[in-house]
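Below is one structure, written out as structure tokens; comments come after it.
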Amino acid sequence: MRDSVWGEYLAEVIGTAFLIMGGTGVAAMAILYGSFSGDYWGICVLWGLAVTFAVYLVGAISGAHLNPAVTIAFAIYGGFPWKKVFGFIIAQVIGAFIGAAITYQLYSPVIDAYNIVHNTTRDAAQGLTTAGVFFTSPNAGITTGHAFIDQIILTAALVIGILAISDKWNTNSPGANTAPLMVGLLVALVGGFGGQLEAWAINPARDLGPRLFCWLMGWGQNAFPGIQGYWWVPLIAPVIGGILAGAIYNFLLQPFMPGNPDRVKAAGIMKKAEVN
């Protein structure tokens, strides 16, 4: 019998690879071909669909965390075993690296042609444009410090939504068959209201795996340390955002959920007292 833990790790690798392949492929179409002609919402929706189908693909095996910030939040607040956390995170980074490699296989000739037309190289300052296919950077006017706060807020919005969607005590949560779609729409929403700030990493693996791949493939300083030394922000800020979201949900919202056994028990005691 196969070890289910290793099956979960493999599922996280494959699910994250599928997610990053889809998402960075959309970014490649937007940056290299200008395919969306300013239709930013279309990009958000397609990123969300990449998440949706990644969750459908492996959710029944691993829960489809696909994001270290989600894994850590579930470990702190959701009873996810700490002994699996490191393995899940490594699997997610490996999956993101593979997803970036697949996108590179598809688009490397187009990347080279783009750089020739624009008279630049991957490791030049202008090379950051093609790097945007793979990993995130702060947009014009955004400092590293501001980006750090942004990523905390955006990731908190993502994680608090995922906690609500997956909460068995939340009587409004969607069923198992529609939860992946709701998560995808949530990702699209976060991108829609904050994605242009830093390309909405909200996921340490989503940024680190492709960034490592690009560093190996010649993007040099654009990958590490990145513009304004930004590389560390998508690693740390999303984790803080996930922890913050977990605290808000578990201590301020979940105790009042109608399906919460503690609330049901308290309501029964109060009703009994009223009858007496």
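Data overview
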| item | result |
| --- | --- |
| Unit charges on C-beta of K, R, D, E only; dipole of the chain, Debye | 660 |
| Listed peptides 97-103, 199-205 by packing density, highest first (mean Cβ within 10 Å) | 199-205, 97-103 |
| Rounded to 10°, Cα long-axis angle of helix 144-166 versus longest principal axis of the chain | 40 |
| Unit charges at the beta carbon, dipole of the stretch 5-259: most positive-side option, 53, 29, 74 | 74 |
| Percentage relative contact order, the stretch 48-136, counting C-alpha pairs under 8 Å, at least six apart | 14 |
| Separation of the residue 36 and residue 146 label points, Cα + 7 Å toward Cβ, nm | 2.1 |
| Residue-averaged [θ]222 nm for the chain, counting only DSSP H segments that reach four residues, each worth -39500 (n - 2.57) | -23000 deg cm²/dmol |
| Fraction of accessible area attributable to carbon and sulfur, the chain (%, probe 1.4 Å) | 69 |
| Accessible surface, the stretch 33-153, averaged per residue in Å² (probe 1.4 Å) | 46 |
| Principal-axis tilt of helix 68-77 within the chain, Cα atoms, nearest 10 degrees | 20 |
| Acute angle (nearest 10 degrees) that the helix 179-198 long axis makes with the longest principal axis of the chain, alpha-carbon atoms | 50 |
| For the stretch 5-259: relative contact order, % (alpha-carbon pairs under 8 angstrom, 6 or more apart) | 30 |
| Using a Förster distance of 51 Å, the FRET efficiency for residue 108-residue 256 (Cβ separation, nearest 0.05) | 0.45 |
| All Cα pairs of the chain, percent lying beyond 29 Å | 33 |
| Among 233, 132, 260 the positive-end extreme of the charge dipole of the chain (Cβ point charges) | 260 |
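The values are calculated or read from the model by the stated rules, or taken from the named source; none is laboratory data. Since the model is a prediction, treat every value here as computed from it, not as a measurement. Backbone-built Cβ (ideal geometry, glycine too); neighbour counts: all protein chains shown. We work out accessible area using only protein heavy atoms, side chains counted, and drop any ligands, DNA or RNA first. Shrake-Rupley method; radii C 1.70, N 1.55, O 1.52, S 1.80 Å.
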